[in-house]
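Questions regarding the structure given below will be posed in turn.
The values are calculated or read from the model by the stated rules, or taken from the named source; none is laboratory data. The structure presented is a predicted model; accordingly, all values stated were derived computationally and were not measured. Here the Cβ is made from the backbone with ideal geometry for all residues, glycine too, and neighbour counts use every protein chain on show.
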Amino acid sequence: MNPGNNRPKPAGPRPARIEKENPHRINDEITAHQVRVVGDNVPEAQIMSLRDALKLADELELDLIEISPKADPPVCRIADYQKFLYQLKRKAKEIKANQTKVVIKEIRFGPQTDDHDYNFKLKHAQNFLKEGAKVKAYVFFRGRSIVFKEQGEILLLRFATDLEELAKVEAMPKLDGKKMNMILAPKGKK
């Protein structure tokens, strides 16, 4: 029996979770003396004292939310704070969903790749380009094979020529250490 496993559990309630601090100052947390008030319930932006802005928000049974504290005077919105946070999260989620993610697929060649391997890799590259992914083709030079860098460049240019119907060259072949890289991007649909 291991004496370390027989520890008594602490008695009493669990400690309360620490709430995240609000990203905005609301109502009594606002420190400015004058604020510019905006919102759906306010016909046009008005500059007023903080006391009057809080009174207006209280009459409408809404919160006064400081949305631009660095402005002069700070900008405050009259709205329901929970609804305001929900709309911000939803907007951020929509922006994230509309972003296009660029996928880069790599295809590796040797400086003396034979025709069968070349054609096999060419078909893969065609499939990648049809799916909308970019293709990074590179020739890897091992040991003394760096003396064949012209052959690597010819191979990559041949590869670009064979794919010119599907892709445009985004970066011409360039030697980077022991690799010669070239990037192909899919052509836009017409």
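For the stretch 174-190, give me each residue that is modelled with pLDDT of 85 or more and touching an Asp or Glu at 6+ places or on another chain (Cβ under 9 Å).
Within the stretch 174-190, 180, 182, 183, 184, 185, 186 qualify.
Can you name the residue in the stretch 94-130 that is touching a residue at least 12 places away in the same chain (Cβ under 8 Å) and part of a loop (DSSP other than H, G, I, E, B) and, of all such residues, is surrounded by the most Cβ atoms within 10 Å (Cβ to Cβ)?
Result: 111.
Do you know which of the residues in the stretch 61-93 that are among the aromatic types (Phe, Trp, Tyr) and in contact with a His (Cβ under 9 Å, 6 or more places away or on another chain) is surrounded by the fewest Cβ atoms within 10 Å (Cβ to Cβ)?
Result: 81.
When only residues in the stretch 97-137 that are within 15 Å of residue 187 (Cβ to Cβ) and among the small types (Gly, Ala, Ser) count, which is farthest from the chain's Cα centre (by Cα)?
So the residue we want is 125.
For every residue, the table says whether it meets (1) at pLDDT 75 or above; (2) of a type in the set (Val, Ile, Thr); (3) touching a strand residue (DSSP E or B) at 6+ places or on another chain (Cβ under 6 Å).
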| site | (1), (2), (3) |
| --- | --- |
| 15 | no, no, no |
| 18 | no, yes, no |
| 30 | yes, yes, yes |
| 40 | yes, no, no |
| 45 | yes, no, yes |
| 53 | yes, no, yes |
| 56 | yes, no, no |
| 61 | yes, no, no |
| 64 | yes, no, yes |
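While we're looking at this one, here's another question. Suppose we filter the stretch 166-189 for residues that are touching a residue at least 12 places away in the same chain (Cβ under 8 Å), over 15 Å from residue 105 (Cβ atoms) and in a loop (DSSP other than H, G, I, E, B); how many remain?
So the answer is 2.
Quick one: is residue 85 aliphatic (A, V, I, L, M) and under 30 Å from residue 153 (Cα atoms)?
The answer is no for residue 85.
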